[in-house]
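What follows is one structure encoded as structure tokens, with my remarks underneath.
All of the numbers you see were taken from the coordinates with simple rules; none came from a lab. These numbers come from a predicted model, not from an experiment. So basically every Cβ, Gly included, is an ideal-geometry build from the backbone, and we count neighbours across all protein chains shown.
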Amino acid sequence: MARPRKLAVNTSPASSPGLQGWAEMLGEAMGRGVARGINAGLGVGAPAPSAPAPSTPAPIQVGVRRRGRPPRAKTAGGPVPPDRACKVDGCPNEARSKGLCSKHYQAERRRILGKSKGA
């Protein structure tokens with residue numbers, strides 16, 4: 001069951017005209033800022049290609065996130081040590097699980113799962 005609403009104390013515009021004017025001005029300024037941000041993100045109102053590009057930073061990408069395990073940082077220079085190399089002949093990648101690199105591990109996993117579905 002919903003709670004009853006509180007009664008408004010005194011929300012008449014005559015109570016504080018200075019405060020109401022300030023609130024309206026703030027709301028309009030915020031609306032202009034949001035519209036400017038949306039237009040910048042969409043490229044609306046962008047300068048012509050002959051004009052110099054503005055020195056504003058690129059818009060932040062929201063919600064862009066790669067899925068899965070992040071890749072391991074590559075070690076600086078040199079080949080992978082023999083004890084950490086993928087056991088598939090000719091593969092230069094480092095082993096991550098069961099002696100296989102990520103690419104060959106996934107291929108083996110798909111091969112095994114494919115056999116079990118077909119049976």
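When peptides 24-37, 83-96 are ranked by their average number of other Cβ atoms within 10 Å per residue, the highest-first order is 83-96, 24-37. In terms of other Cβ atoms within 10 Å, SER102, SER116, SER97 run from fewest to most in the order SER116, SER97, SER102.
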